[in-house]
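Presented below is the structure to which this report refers.
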Amino acid sequence: MTQEELDVLKHHLSEDKTFIQDGYYRLRKLDETTYEFAFLVADACGATSVHPQITIEKQGDTWQAVKLLDFVSTPVETLVYSDDTSQTLTNRLEQLYQQCMKAINQ
């Protein structure tokens, strides 16, 4: 993810979940070089679960996905950055970004 893409997310999202079209989105700053970008879905009781939540870290001029949690998938999905998972994490981050942008622009 580029810095420009993160800046767009920061403009539209906050640390609190925000409902936009198809569900809740959240961008939570953990520290100066780490954010959690999440899509959350509501259950019948009103609680929300991440579907997914992706942790991104600043690496040079870009933001790299380093961890993914998805509590709605069966089985629950957990990915941590490695040579084997790097492409999957990158793809899932791009998918979540595109989903969010589509919801924002509707």
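The values are calculated or read from the model by the stated rules, or taken from the named source; none is laboratory data. This one's a predicted model, so the numbers in the text were calculated from it and none came from an experiment. Don't worry about glycine lacking a Cβ; one is built from the backbone with ideal geometry, like all the others, and counts go over all protein chains shown.
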Next item on the list: Go through region 67-82 and count every residue that is exposed (fewer than 14 other Cβ atoms within 10 Å of the Cβ) and in a strand (DSSP E or B).
Entry: 2
Notebook entry, point to check: Looking at region 1-66, what strands (runs of 3 or more DSSP E) fall wholly within it and have at least 2 residues that are over 15 Å from residue 94 (Cα atoms), in contact (Cβ under 8 Å) with a residue 12 or more places away in the chain and in contact with a strand residue (DSSP E or B) (Cβ under 8 Å, 6 or more places away or on another chain)?
Noted result: 23-31, 34-42, 48-59
Next item on the list: Considering every residue within region 83-102, establish whether at least one is in contact (Cβ under 8 Å) with a residue 24 or more places away in the chain, assigned to a strand (DSSP E or B) and either crowded, with 18+ Cβ neighbours inside 10 Å or touching a Phe, Trp or Tyr at 6+ places or on another chain (Cβ under 9 Å) (or both).
Entry: no
Check: When the residues of region 57-84 are filtered to those that are touching an Asp or Glu at 6+ places or on another chain (Cβ under 8 Å) and among the hydrophobic types (A, V, I, L, M, F, W, C), which remaining residue is modelled with the lowest pLDDT?
Finding: 76
Next item on the list: Report, by residue number, each residue of region 13-53 that is under 18 Å from residue 70 (Cα atoms), surrounded by 13 or more Cβ atoms within 10 Å (Cβ to Cβ) and hydrophobic (A, V, I, L, M, F, W, C).
Entry: 27, 37, 38, 39, 40, 41, 42, 50
